[in-house]
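K.L.:
There's a structure below that I have some questions on.
The values are calculated or read from the model by the stated rules, or taken from the named source; none is laboratory data. All values reported here derive from a predicted model rather than from experimental measurement. Heads up, the Cβs are rebuilt from the backbone with ideal geometry, glycines too, and the neighbour counts pull from every protein chain shown.
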Amino acid sequence: MRNFSFAKLWSGAWPAVASVFLALVVAGLVMVVTGSDPIKAYTSLIEGAFLRPGTDTRPTAFLDTLVSATPYLILALGISLAFTAGLFNIGAEGQLYMGALASVMVGFLVKGLPPIIHLPLSLLAGAVMGALWAGIAGWLKATRGAPEVVTTIMLNYISYSVVNFMVNGPLRHTGTAPRTPDIEPSAVLPNMLPSPERLHWGFVIALLCAVAYYFLVYRSPLGLRIRLVGANKEAARYAGIQVNRTYLITMLISGGLCGLAGGVEILSLYRFMPSEFTTGYGFDSIAVALLGQGNPIGILLAAILFGALANGAGYMQFSSGVSNYIISVLQAFIIVFVAAPGIVRDLFGWIRIKRAAPALPAKGGTK
Amino acid sequence: MRGITKRFPGVLANDNINLDLNKGEIHALLGENGAGKSTLMNILYGLYQPDAGEIFLNGKAVKIHGPRDAIAQGIGMVHQHFMLVPTLTVAENITLGMEEQKGVLLDVERPSAKIKEIAKKYGLEIDPGAYIKDLPVGLQQRVEIVKTLYRDAQVLVLDEPTAVLTPQEVEGLFATLRTLVAQGVSIIFISHKLKEVKAIANRITVLRQGRVVGWTTPAEADEAKLASMMVGRPVLLKVDKTPAKPGGETLSIKSLKVMSDRKSVAVDGVSFAVRAGEIVGIAGVEGNGQTELVEAITGLRAQTEGAIVMESHDLPRESPRAGIAAGMSHIPENRHKFGMVSSYPLTTNLVLSTFDRAPFTKNGLLNDAEIEKNARTLIKEFDVRTPNEFVPIGKLSGGNQQKAVVAREFSRPMKLLVASQPTRGVDVGSIEFIHKRIVEARDKGAAVLLISAELDEIMSLSDRILVMFKGKIVGERETAKTTREDVGLLMMGKV
């Protein structure tokens with residue numbers, strides 16, 4: 001972080017900011033075309049995500065946004081780490097599932113431990129499970145050159161089935177709905193504030209992950225190895241870095257984070273494993289990671305944005321009458337603009353050139 | 001060309017340049033990389049528009065808006081990297097973009113006839129039906145020349161035309177150029193090779209930092225004078241070195257067999273040794289297995305047979321890490337692919353293989369202070385021209401990138417140096433510097449394996465020369481007891 005300057009910070013951040021801005025504009029146009037009022041929709045969205053105060057029965061809007069941001073943050077850090085090595089971990093969702101399952105299993109199968117041991121052990125189980133699950137893809141990539149894009153997607157489907165089988169079969173509790181028994185109280189990731197607030201210690205864990213991410217990626221030799229492999233694999237190899245090994249390690253850590261996200265989510269909010277745990281977090285977090293541009297603070301802000309969209313959507317629909325599907329439209333446009341930085345650059349570059357046109361004659365236009 | 005000036009952001013690439021080309025002469029444009037030769041020629045070819053100045057052709061001011069204009073005015077250009085489609089025939093390549101039709105079909109006969117006519121007139125024998133991919137480099141270049149003549153070029157610009165040729169092919173090219181000139185074609189010959197400029201040019205214009213620093217003729221200026229004009233200070237052309245005092249074998253290669261990317265045998269059972277304190281040069285036309293040989297030795301490519309032994313230990317297959325650990329330094333031929341991470345700053349690039357050791361890593365974290373100090377030291381010692389150590393290495397000029405790579409590789413304890421094309425794309429001043437460092441490394445007891453397509457480089461640096469042809473070592477010579485011509489014949493496989 002030497003040579004820090006706000007100009008540099010902005011040059012890194014502006015494509016993300018511009019993408020969000022453009023997506024808001026385009027989604028707003030969609031609303032206008034479909035006969036809704038975008039101003040009203042956005043106002044109520046902001047209200048529902050950030051401004052509504054809590055009551056005796058309702059949590060504070062902003063704190064609940066942080067609850068929604070928690071899994072996004074941890075998952076996006078994991079996905080972003082893989083990006084750093086030039087790997088595309090689309091398997092975050094599956095790693096989240098397997099992590100959640102492992103955490104729940106340790107949570108209700110192990111009994112009689114004090115919380116100080118049981119809770120960390122349950123979280124660790126989730127992280128290890130996620131790491132192993134992603135590690136399969138990492139190992140196939142390292143030893144067989146199998147593209148991780150394909151293997152991680154495949155592993156997603158396997159994980160859904162594994163969870164379904166376990167929840168409907170060996171781990172099914174005695175009630176009517178297919179789900180596991182509740183975890184022991186000693187494995188619960190507790191709330192930080194009294195009810196009805198839902199903010200739990202998982203958010204702090206997520207923040208700690210972001211700090212750890214910074215030190216790992218930007219301050220440690222392993223992080224530099226990962227970055228060099230991502231920046232120029234051949235040069236990394238030339239310099240004696242074991243590229244395949246680095247791929248495997250990266251996938252292990254990436255999957256570990258995603259598994260931890262599953263553990264955090266399940267041990268705090270659910271406290272059992274349902275059969276349908278289709279959060280979609282693992283896929284939305286790819287967008288969060290892209291938006292965060294590899295910077296932990298950027299990823300934090302992007303996670304809060306996505307948390308806000310998720311958290312504010314319901315109130316927006318209720319208060320402005322705009323369907324909350326517009327949130328999906330908005331997210332999709334954010335992804336489009338982030339993934340195609342050329343569009344954003346051309347658009348804004350074009351505006352800038354037009355503004356500067358009188359002072360700067362076009363190239364080759366004059367003698 | 002009169003008063004040509006061209007500015008790029010931050011650089012004055014051409015500063016009020018005047019250049020006269022008489023009919024039927026070969027005019028050499030001599031200068032280091034970045035001196036402005038290419039900019040000037042790109043202006044002539046219409047790729048850039050000058051900020052000031054005019055171009056006159058046969059006494060008439062002309063405006064050249066693009067290559068199409070340039071061709072229409074009779075200006076032809078042969079680029080350093082050929083613009084040919086390997087899977088098409090000679091005739092198809094030559095007519096590309098100006099195909100003639102017979103009804104709705106392509107007319108192949110008329111162009112072929114015209115090509116034969118040109119070939120006869122200028123003594124450029126070429127088979128119009130041959131496929132480019134089957135032709136040796138020298139003939140491919142001939143196709144490029146015929147291509148410009150087919151478009152009725154009267155002014156021919158050749159950009160570093162000898163870079164890819166053997167000495168014998170260079171002789172062939174020069175003969176061709178003399179014939180062309182005799183027929184009234186005028187030639188601009190761009191080069192940084194003094195010997196060739198002296199041999200072929202009628203007049204010489206020397207450029208330095210975007211300015212013309214002098215006009216001269218081969219008769220008036222010797223190589224030393226041309227070099228000092230180019231660089232702006234006296235240059236040592238001969239490498240100063242004492243006879244080698246070789247010690248024990250540092251590297252020994254045993255019946256090495258290596259495949260190319262296309263799964264054909266690139267290195268075919270090669271054995272040799274390099275002793276401590278000697279420079280062994282591998283001469284050969286590019287593409288005869290040198291690249292694969294170097295990649296195998298440095299661990300970037302797995303050999304299919306044979307062993308690489310360093311100080312009596314077999315190196316594991318395909319492990320650059322093991323090579324580095326054994327004391328191997330490697331200046332790679334392709335610095336963009338292997339030698340550097342363009343988007344990363346000099347600081348990182350200068351510790352690329354050592355950042356995870358002390359003092360660059362302390363208590364498990366990178367130690368920026370030491371990494372930056374190392375960069376500043378090396379930048380100073382190796383005269384890397386850069387605003388500061390945080391500049392991404394990709395933003396530096398080629399010569400400075402190369403100096404940075406050399407600096408990094410020399411900054412580790414070194415038992416063996418594998419230097420592959422160590423001065424490619426580097427200016428004369430830096431070449432002198434890099435050569436000096438290589439000889440110093442030798443004198444300090446390192447074994448040096450030098451691979452270069454520049455025969456002059458091999459001849460002036462090596463103590464012993466091995467010649468590679470079609471994947472085999474076809475000859476070995478003591479440098480003191482051989483000649484350029486002798487080695488040149490070996491390079492063509494004539495043992």
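K.L.:
Considering region B:389-423 alone, what residues qualify as being modelled with pLDDT under 90, surrounded by fewer than 20 Cβ atoms within 10 Å (Cβ to Cβ) and not basic (Lys, Arg)?
P.N.:
Within region B:389-423, B:GLY394, B:SER397, B:GLY398 qualify.
K.L.:
Mind checking which residues of region B:81-105 are surrounded by 13 or more Cβ atoms within 10 Å (Cβ to Cβ) and touching a Pro at 6+ places or on another chain (Cβ under 8 Å)?
P.N.:
Selection gives B:THR89, B:VAL90, B:ALA91, B:ILE94, B:THR95.
K.L.:
So, in region A:166-203, exactly how many residues are of a type outside the set (S, T, N, Q), surrounded by 13 or more Cβ atoms within 10 Å (Cβ to Cβ) and assigned to a helix (DSSP H, G or I)?
P.N.:
5
K.L.:
Is it the case that some residue within region B:161-173 is closer than 19 Å to B:ILE75 by Cβ and not aromatic (Phe, Trp, Tyr)? Step through it out loud before you land on a result.
P.N.:
We begin by selecting, within region B:161-173, every residue closer than 19 Å to B:ILE75 by Cβ; these are B:161.
Narrowing further to those that are not aromatic (Phe, Trp, Tyr): B:161.
Yes, some residue in region B:161-173 is closer than 19 Å to B:ILE75 by Cβ and not aromatic (Phe, Trp, Tyr).
K.L.:
Something else: In this structure, does A:TYR218 turn out to be away from chain B (no Cβ under 11 Å), among the hydroxyl-bearing types (Ser, Thr, Tyr) and touching a residue at least 24 places away in the same chain (Cβ under 8 Å)?
P.N.:
no
K.L.:
If you don't mind, there's one more thing I want to ask. Assess whether B:GLY281 counts as being within 21 Å of the chain's Cα centre (by Cα) and at pLDDT 95 or above.
P.N.:
So B:GLY281 fits the description; yes.
K.L.:
Please indicate, with yes or no, whether at least one residue in region B:379-386 is assigned by TED's automatic domain parsing to the domain that holds B:SER460, over 29 Å from B:GLU286 (Cβ atoms) and not in a helix (DSSP H, G or I).
P.N.:
So far as region B:379-386 goes, yes, one or more of its residues are assigned by TED's automatic domain parsing to the domain that holds B:SER460, over 29 Å from B:GLU286 (Cβ atoms) and not in a helix (DSSP H, G or I).
K.L.:
Check off (1) within 14 Å of another protein chain (Cβ to nearest Cβ); (2) modelled with pLDDT under 95 for A:GLY307 and give me the number that stays unchecked.
P.N.:
(1)
K.L.:
Continuing with this model, one more query. Being of a type in the set (S, T, N, Q) and more than 23 Å from B:LEU57 (Cβ to Cβ) is the requirement here; does B:THR217 meet it?
P.N.:
So B:THR217 passes the test.
K.L.:
Among the residues in region B:326-346, are any of a type in the set (Gly, Ala, Ser) and touching a Leu at 6+ places or on another chain (Cβ under 6 Å)?
P.N.:
yes
K.L.:
With the structure loaded, tell me whether B:GLY284 is in the same structural domain as B:ILE451 (by TED's automatic domain parsing) and buried (at least 17 other Cβ atoms within 10 Å of the Cβ) or whether it fails that test.
P.N.:
So B:GLY284 fits the description; yes.
K.L.:
Looking only at residues in region B:324-355 that are free of Cβ contacts under 8 Å to residues at least 40 places away in the same chain and crowded, with 18+ Cβ neighbours inside 10 Å, which one is nearest to the other protein chains (Cβ to nearest Cβ)?
P.N.:
B:PHE338
K.L.:
If we scan region B:411-424, do we find a residue that is of a type in the set (Val, Ile, Thr) and out of contact with any strand residue (DSSP E or B) (no Cβ under 9 Å at 6 or more places or on another chain)?
P.N.:
To start, the set of residues in region B:411-424 that are of a type in the set (Val, Ile, Thr) comprises B:418, B:423.
Then drop every residue that is not out of contact with any strand residue (DSSP E or B) (no Cβ under 9 Å at 6 or more places or on another chain), which leaves B:423.
Taking every residue of region B:411-424 in turn, at least one turns out to be of a type in the set (Val, Ile, Thr) and out of contact with any strand residue (DSSP E or B) (no Cβ under 9 Å at 6 or more places or on another chain).
K.L.:
Output the number of the condition that A:ASN244 fails; it satisfies all remaining conditions of (1) in contact with a Leu (Cβ under 9 Å, 6 or more places away or on another chain); (2) part of a helix (DSSP H, G or I); (3) within 14 Å of another protein chain (Cβ to nearest Cβ).
P.N.:
(1)
K.L.:
Of all residues in region B:296-318 being crowded, with 18+ Cβ neighbours inside 10 Å and at the interface with chain A (Cβ under 10 Å from one of its Cβ atoms), which is farthest from B:GLY248 (Cα to Cα)?
P.N.:
That would be B:LEU300.
K.L.:
With respect to A:LEU207, is the statement that it is more than 10 Å from chain B (Cβ to nearest Cβ) and assigned to a loop (DSSP other than H, G, I, E, B) true?
P.N.:
No; evaluated as a whole, the condition is false for this residue.
K.L.:
Right, here's the next one. If I filter region A:221-241 down to residues being at the interface with chain B (Cβ under 7 Å from one of its Cβ atoms) and under 23 Å from the mean Cα position of the chain (by Cα), which single residue comes out as surrounded by the most Cβ atoms within 10 Å (Cβ to Cβ)?
P.N.:
The residue in question is A:LEU224.
K.L.:
State which residue is nearest to B:MET229 (Cα to Cα) when the search covers only region B:34-53 and only residues that are assigned to a loop (DSSP other than H, G, I, E, B) and touching a Gly at 6+ places or on another chain (Cβ under 6 Å).
P.N.:
Step by step, filter region B:34-53, then rank; the result is B:GLY36.
K.L.:
Among the numbered criteria (1) assigned to a loop (DSSP other than H, G, I, E, B); (2) within 30 Å of B:ARG301 (Cα to Cα); (3) more than 10 Å from every other protein chain (Cβ to nearest Cβ); (4) not polar (S, T, N, Q), which one does B:PRO359 miss?
P.N.:
Evaluating B:PRO359 over (1) assigned to a loop (DSSP other than H, G, I, E, B); (2) within 30 Å of B:ARG301 (Cα to Cα); (3) more than 10 Å from every other protein chain (Cβ to nearest Cβ); (4) not polar (S, T, N, Q) leaves (2) as the failure.
K.L.:
Hey, another quick one. Restricted to region A:1-43, and to residues that are among the hydroxyl-bearing types (Ser, Thr, Tyr) and at pLDDT 90 or above, which residue is surrounded by the most Cβ atoms within 10 Å (Cβ to Cβ)?
P.N.:
Among those residues, the one meeting the criterion is A:TYR42.
K.L.:
Hey, among B:THR217, B:THR205, B:THR179, which residue is surrounded by 17 or more Cβ atoms within 10 Å (Cβ to Cβ) and polar (S, T, N, Q)?
P.N.:
Result: B:THR205 is the single residue among B:THR217, B:THR205, B:THR179 that is surrounded by 17 or more Cβ atoms within 10 Å (Cβ to Cβ) and polar (S, T, N, Q).
K.L.:
Tell me, please, whether a residue that is facing chain A (nearest Cβ under 10 Å), surrounded by 14 or more Cβ atoms within 10 Å (Cβ to Cβ) and either within 25 Å of the chain's Cα centre (by Cα) or under 26 Å from A:TYR214 (Cβ atoms) (or both) can be found in region B:375-384.
P.N.:
No, because not a single residue in region B:375-384 is facing chain A (nearest Cβ under 10 Å), surrounded by 14 or more Cβ atoms within 10 Å (Cβ to Cβ) and either within 25 Å of the chain's Cα centre (by Cα) or under 26 Å from A:TYR214 (Cβ atoms) (or both).
K.L.:
Condition first: surrounded by fewer than 24 Cβ atoms within 10 Å (Cβ to Cβ) and either among the acidic types (Asp, Glu) or in contact (Cβ under 8 Å) with a residue 40 or more places away in the chain (or both). Can you find one or more residues in region A:92-101 that meet it?
P.N.:
We begin by selecting, within region A:92-101, every residue surrounded by fewer than 24 Cβ atoms within 10 Å (Cβ to Cβ); these are none.
So far as region A:92-101 goes, no, none of its residues is surrounded by fewer than 24 Cβ atoms within 10 Å (Cβ to Cβ) and either among the acidic types (Asp, Glu) or in contact (Cβ under 8 Å) with a residue 40 or more places away in the chain (or both).
K.L.:
If you take the residues of region B:424-437 that are at pLDDT 90 or above and not charged (D, E, K, R), which of them is surrounded by the most Cβ atoms within 10 Å (Cβ to Cβ)?
P.N.:
Only one residue fits best here, namely B:ILE434.
K.L.:
If I ask for residues that are outside any loop (DSSP other than H, G, I, E, B) and farther than 20 Å from B:THR87 by Cα, which ones from region B:107-147 would you list?
P.N.:
Correct list: B:ARG110, B:ALA113, B:LYS114, B:LYS116, B:GLU117, B:ILE118, B:ALA119, B:LYS120, B:LYS121, B:TYR122.
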